[in-house]
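Read through the structure below, which is laid out as structure tokens, and then see the notes.
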Amino acid sequence: MHMPLSDTLGLNLLAANQHQAEHNREHFEAWNLLCLNVMSSPGAGKTSLLERTITALAPQLEMAVLEGDMTTQLDTQRLEAVGVPVVPITTGRACHLDAAMVSGGLRQLQARLNPADLDLLWVENVGNLVCPAEFEVGEHLKVALLSVTEGEDKPLKYPVMFREADCVLITKVDLLPYLSIDVSRIEAHIHAVNPEAVVFQLSASSGAGLDAWHQWLLAATREHSCRAEMAEVG
Amino acid sequence: MHEVDMTKCLLLSMEEWKRGQEPQTPVVTAVHLQVGAFTCVEPEALRFTFAAAVQGSWLDGSTLEIESVPLRARCLACSSAYNPDPERAYRSPCCDRPMEEIVSGRELRIRSVDYSLPHQISDPAAVPPR
């Protein structure tokens, strides 16, 4: 006899990824490091910015990078050239990193260094404004980049990414004199979908605005480390 | 196409659910999802990848039922709920506030599973005497 039954699950569709992401985050807490998930469309300037930022902060912070890319290791080579440990995660056909891929990257990182020595771990996601927004990897903060050449309306067209981001970096502002783009409108659109987002305007090429972003990063890293120590004491 | 990976996550959750039914082996007829409008999921793509992924598996023959949940937000100035519209930059029509509180639309949820248990005795009185 077949009697129709129904079970209420109420489970997150991405529960499997969520569990792995929480597992990754437990590692980050144990190592007392801050993990940032850096996301943007292809060509918004993630790697160029990381080159500048890592170089600038290297005297103060120990850092490493998990570098997501669909095929090549070009970005890995660029970042290794600035003197930081980089683990490439080649995603193949996948258009985003997921928590399991990052977990694999962490194992490779552990084979090379002791992650407890790090202050900050960068996860450079695959260039894509859609998919990475839904797949947590265990990060503490999400950073989204949007270059001025992409247009004013992108926060409205890809709202989930900008809603999820803790910090949004408007990049390539050195190009503004050549564009009919109103950067204040970009910022207004970001705040329309995410009023709490911290927004910086900067250029990795000219160096404009980098200081404010670096100060924010240093403060976020310090705050995280203090919280972790308080949790240990308490 | 991230719906492929979402389907993989869904199948892992279903496997876990199946293990919870042991020693019985449920025959699933439908999996019900709730998918919010403010997510990166395209329901059609999810149906397509699900149908492809379950072929030949224990879920073969089951259907994926997707309930779409509209995006709703609450204006924090006047507490009224509204449907954010990208044309108005998702701002509240009542007080022109940014989209502060999302009430619904972020759902990515496995709501329920319809199934039957082969050889299941539905009426205890029907148990044959030993």
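Values in this text are rule-based calculations from the coordinates and carry no lab data. Since we're looking at a predicted model, the values are computed, not measured. Cβ atoms come from the backbone with ideal geometry, glycine included; neighbour counts cover every protein chain shown.
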key: Diffusion coefficient, µm² s⁻¹, Stokes-Einstein with Kirkwood Rh over alpha-carbon pairs of region A:154-201 at 25 °C and 0.890 mPa s   = 223 µm²/s
key: Burial order of peptide ranges A:65-77, B:17-29 (average beta-carbon count within 10 Å, highest first)   = A:65-77, B:17-29
remark   = Expected vector for region B:88-101, Karplus 3J(HN,Hα) from phi with 6.51, -1.76, 1.60 and θ = phi - 60°, integer Hz, x for Gly and Pro, equals 10, 6, 6, 7, 6, x, 6, 10, 6, 9, x, 6, 8, 10
query = Of B:Ser112, B:Pro86, B:Val54, whose Cα points farthest to the positive end of the dipole of chain B (charges on the beta-carbon: +1 Lys, Arg; -1 Asp, Glu; origin at the Cα centre)?
reply = B:Ser112
request  = Please sort by residue number the GluC sites (Glu not before Pro) in region A:144-234 whose DSSP state is loop and whose Cβ has at most 10 other Cβ atoms within 10 Å.
outcome  = A:Glu196
query = For chain B, what is the charge dipole size about the Cα centre, in debye to the nearest 20, if Lys and Arg each add +1 at the Cβ and Asp and Glu each add -1 at the Cβ?
reply = 280 debye
inquiry  = Could you tell me the calculated FRET efficiency between B:Ala51 and A:Gln110, based on Cβ-Cβ distance and R0 = 56 angstrom, to the nearest 0.05?
reply    = 0.90
ask   = So if we plug the beta-carbon distance of B:Val27 and B:Glu67 into 1/(1 + (r/R0)^6) with R0 = 22 Å, what FRET efficiency do we get, rounded to 0.05?
value = 0.45
ask   = Along the Cα-to-Cβ line of A:Leu141, 7 Å from the Cα, sits a label point; which residues in region A:158-195 have backbone N less than 12 Å from it?
value = A:166-169
remark   = With +1 on the Cβ of every Lys and Arg and -1 on the Cβ of every Asp and Glu, the dipole magnitude of region A:92-145 about its Cα centre, in debye rounded to the nearest 20, is 200 debye
inquiry  = If R₀ is 30 angstrom, what is the calculated FRET efficiency for the pair A:Met3 and B:Leu12, using the beta carbon separation as r and rounding to 0.05?
reply    = 0.65
ask   = How big is the antiparallel share of DSSP beta bridges in the protein assembly as shown, given as a percent to the nearest 5?
value = 35 percent
key: Nearest-20 debye value, region A:29-233 charge dipole, Cβ charges on Lys, Arg, Asp, Glu   = 360 debye
ask   = Per residue of chain B, what 222 nm ellipticity follows from adding -39500 (n - 2.57) for every DSSP H run with n ≥ 4, rounded to the nearest 500?
value = -7500 deg cm²/dmol
remark   = Note to self, chain A gives a 222 nm [θ] from helices alone (DSSP H runs n ≥ 4, -39500 (n - 2.57) apiece, / all residues, nearest 500) of -12500 deg cm²/dmol
key: Whole-Å semi-axes of the ellipsoid equivalent to region A:29-233 (Cα gyration tensor, √5λ, descending)   = 26, 19, 17
key: Approximate spin-label separation A:Ala212-B:Leu117, in nm, with each point projected 7 Å along Cα-to-Cβ   = 6.2 nm
request  = Please sort A:80-92, A:10-22 by packing, taking for each peptide the average over its residues of neighbouring beta carbons within 10 angstrom, highest first.
outcome  = A:10-22, A:80-92
query = Any idea how far apart B:Glu42 and A:Leu175 come out in nm if each label point goes 7 Å out from Cα toward Cβ?
reply = 2.6 nm
note = Two pseudo-spin positions, 7 Å from Cα along C-beta at A:Thr149 and at A:Ala58, lie apart in nanometres by 2.7 nm
message = Sequence gap at least 6, Cα distance under 8 Å: using those rules, report the relative contact order of chain A to the nearest whole percent.
response = 24 percent
key: Folded to 0 to 90 degrees: helix B:43-54 orientation relative to chain B principal axis, Cα   = 20 degrees
inquiry  = Students often get this wrong, so check it: of A:Lys154/B:Lys8; A:Lys142/A:Lys172; A:Lys46/B:Lys8, which have C-alpha atoms separated by over 23 Å?
reply    = A:Lys154/B:Lys8; A:Lys46/B:Lys8
inquiry  = If each residue of separation counts as 0.36 nm, what is the full-extension length gain between A:Arg185 and A:Thr90 once their alpha-carbon separation is subtracted?
reply    = 30.6 nm
query = Fewest first, what order do A:Arg78, B:Arg109 take by the number of other Cβ atoms within 10 Å?
reply = A:Arg78, B:Arg109
